[in-house]
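K.L.:
If you scroll down you'll find the structure; I have some questions about it.
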Amino acid sequence: MLELRDISKVYSPGSVNETCIFRHFQLQIPDGQFVSVVGSNGSGKTSILNLLCGSIPVDEGSIMMGGNDIGNVKEHRRYRNIGRVYQNPAMGTCANMTIHENMAMADNKGKRYGITPGVNKKRTEHYRSLLSELGLGLEDKIQTPVGSLSGGQRQAMALLMSTLTPIEFLILDEHTAALDPKTAEIIMHLTDKLVREKKLTTLMVTHNLRYALEYGDRLIMMHEGRIVLDKQDEEKKAMALDEILGLFNEISIECGN
């Protein structure tokens with residue numbers, strides 16, 4: 001279970017730019033649930049992700065993962081149990097390293113580094129097998145620097161690397177926003193496949209309302225730090241895209257967007 005309990009958060013307190021993004025915010029996500037989060041700019045979508053990952057601290061309240069309060073746990077330690085894929089494909093991979101080296105680095109997540117080689121050649125065929133499942137031909141380019149790949153190929157790699165070691169939670173931060181429509185579709189299919197196969201508790205922030213409706217078990221719409229729509233399972237399946245778009249446009253007009 002992932003829980004945000006009674007969370008309050010103020011940006012730039014005491015300044016002319018002071019903004020209260022959350023006031024006694026509550027959210028519970030059961031184990032294995034795939035949640036899509038949509039909302040207008042400034043609604044608090046990305047702030048939720050940053051609070052969970054420890055990129056920003058909470059002012060009040062508790063963040064619970066598996067029954068443990070992780071509010072004081074350092075960001076790098078949280079990533080032992082969390083995988084995160086960002087909007088920018090370059091952020092999840094190292095451009096100057098080969099595909100093989102990137103995979104090996106992800107494979108060593110959370111492990112101690114010593115004087116042994118960083119790349120375990122015995123794992124090469126395992127990496128090739130995983131890469132082949134992406135269907136992008138990357139298994140035949142394993143010694144190619146990642147910087148020479150397309151944005152879609154890098155994002156597919158980032159997604160695979162984020163789930164290479166056992167994790168409990170997957171955070172998707174608008175991970176298809178920088179991709180062309182065809183590549184975005186490929187990445188979403190890969191995302192759904194990995195989430196289902198690994199039974200990951202997943203939180204996906206997206207501006208694509210169709211993806212939010214089509215993928216996942218639950219749909220949340222945020223507005224001014226509040227949840228204004230929360231549908232899951234059969235209720236979510238019964239919703240039409242026009243219904244979500246209508247509510248989203250109503251909120252956007254209210255915000256002046």
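K.L.:
Please determine whether any residue of region 44-51 is open to solvent by 50 Å² or more (accessible area, probe 1.4 Å), at pLDDT 90 or above, farther than 30 Å from ARG123 by Cβ and small (Gly, Ala, Ser).
P.N.:
Checked region 44-51: no residue is open to solvent by 50 Å² or more (accessible area, probe 1.4 Å), at pLDDT 90 or above, farther than 30 Å from ARG123 by Cβ and small (Gly, Ala, Ser).
K.L.:
Can you run down the residue pairs with Cβ atoms below 9 Å, 6 or more apart or on separate chains, where the first is in region 76-93 and closer than 18 Å to ASP180 by Cα and the partner is assigned to a loop (DSSP other than H, G, I, E, B) and among the polar types (S, T, N, Q)?
P.N.:
Pairs that qualify, where the first residue is closer than 18 Å to ASP180 by Cα and the partner is assigned to a loop (DSSP other than H, G, I, E, B) and among the polar types (S, T, N, Q), are GLN87/THR176; PRO89/SER150.
K.L.:
Can you say whether ALA178 is touching a Pro at 6+ places or on another chain (Cβ under 9 Å), open to solvent by less than 10 Å² (accessible area, probe 1.4 Å), in contact (Cβ under 8 Å) with a residue 60 or more places away in the chain and under 15 Å from ALA90 (Cβ atoms), as far as the supplied structure shows?
P.N.:
No.
K.L.:
Considering each of VAL10, VAL37 in turn, give the residue that is touching a helix residue (DSSP H, G or I) at 6+ places or on another chain (Cβ under 6 Å) and assigned to a strand (DSSP E or B).
P.N.:
Working: VAL10 fails: touching a helix residue (DSSP H, G or I) at 6+ places or on another chain (Cβ under 6 Å).
Answer to the selection: VAL37.
K.L.:
Here is a follow-up. Checking ILE7 against (1) open to solvent by 20 Å² or more (accessible area, probe 1.4 Å); (2) at pLDDT 95 or above, only one condition comes out false. Which one?
P.N.:
Status for ILE7: all satisfied but (1).
K.L.:
Report, by residue number, each residue of region 212-249 that is over 16 Å from the mean Cα position of the chain (by Cα) and assigned to a loop (DSSP other than H, G, I, E, B).
P.N.:
Passing the criteria: GLU224, GLY225, ALA238, MET239, ALA240.
K.L.:
Where residues in region 59-69 are open to solvent by less than 40 Å² (accessible area, probe 1.4 Å) and not small (Gly, Ala, Ser), which of them is modelled with the lowest pLDDT?
P.N.:
It comes out as MET65.
K.L.:
Take the residues of region 119-135 that are hydrophobic (A, V, I, L, M, F, W, C) and within 15 Å of THR163 (Cα to Cα): which is most open to solvent (accessible area, probe 1.4 Å)? Before you say what the answer is, go through the steps one by one.
P.N.:
Step one: filter region 119-135 for residues hydrophobic (A, V, I, L, M, F, W, C), giving 119, 130-131, 134.
Those still in the list that are within 15 Å of THR163 (Cα to Cα) too: 130-131, 134.
Working: LEU130: 35, LEU131: 0, LEU134: 18 Å².
Of everything passing the filter in region 119-135, LEU130 is most open to solvent (accessible area, probe 1.4 Å).
K.L.:
Residues to consider are LEU194, LEU209, LEU190, LEU160; find the one that is more than 25 Å from PHE22 (Cβ to Cβ) and over 13 Å from the mean Cα position of the chain (by Cα). Even if it seems obvious, please write down each step before you answer.
P.N.:
On the way: LEU194 fails: over 13 Å from the mean Cα position of the chain (by Cα); LEU209 fails: more than 25 Å from PHE22 (Cβ to Cβ); LEU160 fails: over 13 Å from the mean Cα position of the chain (by Cα).
Just a single option satisfies the conditions, and that option is LEU190.
K.L.:
Something else now. Looking only at region 203-255, filter to residues that are small (Gly, Ala, Ser) and closer than 17 Å to GLN33 by Cα; which one of those is most open to solvent (accessible area, probe 1.4 Å)? Step through it out loud before you land on a result.
P.N.:
Filtering region 203-255 for residues small (Gly, Ala, Ser) gives 212, 216, 225, 238, 240, 246, 252.
Imposing the further condition that a residue be closer than 17 Å to GLN33 by Cα reduces the set to 212, 216.
Details: ALA212: 1, GLY216: 18 Å².
That would be GLY216.
K.L.:
Do the conditions hold for SER55, that is, is it closer than 30 Å to ILE7 by Cα and outside any helix (DSSP H, G or I)? First the steps, then the outcome.
P.N.:
Values: closer than 30 Å to ILE7 by Cα: yes; outside any helix (DSSP H, G or I): yes.
So SER55 passes the test.
K.L.:
Now for a separate question. Across region 189-211, what is the total count of residues that are touching a His at 6+ places or on another chain (Cβ under 9 Å) and part of a helix (DSSP H, G or I)?
P.N.:
Qualifying residue count for the region: 1.
K.L.:
May I ask you to list pairs of residues, at least six apart or on different chains, whose Cβ atoms are under 9 Å apart, with the first in region 231-244 being more than 12 Å from ARG210 (Cβ to Cβ) and the second being buried (at least 16 other Cβ atoms within 10 Å of the Cβ) and basic (Lys, Arg)?
P.N.:
Listed pairs, sorted by first residue: LYS231/ARG218; GLN232/ARG218; ASP233/ARG218; LYS236/ARG218; LYS237/LYS231; ALA238/LYS231.
K.L.:
When region 143-166 is examined, which residues are found to be touching a Ser or Thr at 6+ places or on another chain (Cβ under 9 Å) and within 23 Å of MET65 (Cα to Cα)?
P.N.:
Correct list: LEU159, MET161.
K.L.:
Hey, among the residues in region 201-257 that are farther than 20 Å from ILE29 by Cβ and among the charged types (D, E, K, R), which one's modelled with the highest pLDDT?
P.N.:
Only one residue fits best here, namely ARG210.
K.L.:
Another one. How many of the residues making up region 132-159 are touching a strand residue (DSSP E or B) at 6+ places or on another chain (Cβ under 8 Å), in a helix (DSSP H, G or I) and among the polar types (S, T, N, Q)?
P.N.:
Taking region 132-159 and keeping what is touching a strand residue (DSSP E or B) at 6+ places or on another chain (Cβ under 8 Å), we get 142-146, 155, 158-159.
Still in the running and in a helix (DSSP H, G or I): 146, 155, 158-159.
With among the polar types (S, T, N, Q) added as a condition, the list becomes 155.
Residues in region 132-159 being touching a strand residue (DSSP E or B) at 6+ places or on another chain (Cβ under 8 Å), in a helix (DSSP H, G or I) and among the polar types (S, T, N, Q): 1 in total.
K.L.:
So, one more: Which of the residues belonging to region 21-43 are open to solvent by 60 Å² or more (accessible area, probe 1.4 Å) and modelled with pLDDT of 90 or more?
P.N.:
Of everything in region 21-43, those that are open to solvent by 60 Å² or more (accessible area, probe 1.4 Å) and modelled with pLDDT of 90 or more turn out to be ARG23, HIS24, GLN26, GLN28, ASP31.
The values are calculated or read from the model by the stated rules, or taken from the named source; none is laboratory data. These numbers were taken from a predicted model, which means no experiment stands behind them. Heads up, the Cβs are rebuilt from the backbone with ideal geometry, glycines too, and the neighbour counts pull from every protein chain shown. Accessible surface is based on the protein model in full, side chains and every heavy atom, while ligands, DNA and RNA are left aside. Shrake-Rupley method; radii C 1.70, N 1.55, O 1.52, S 1.80 Å.
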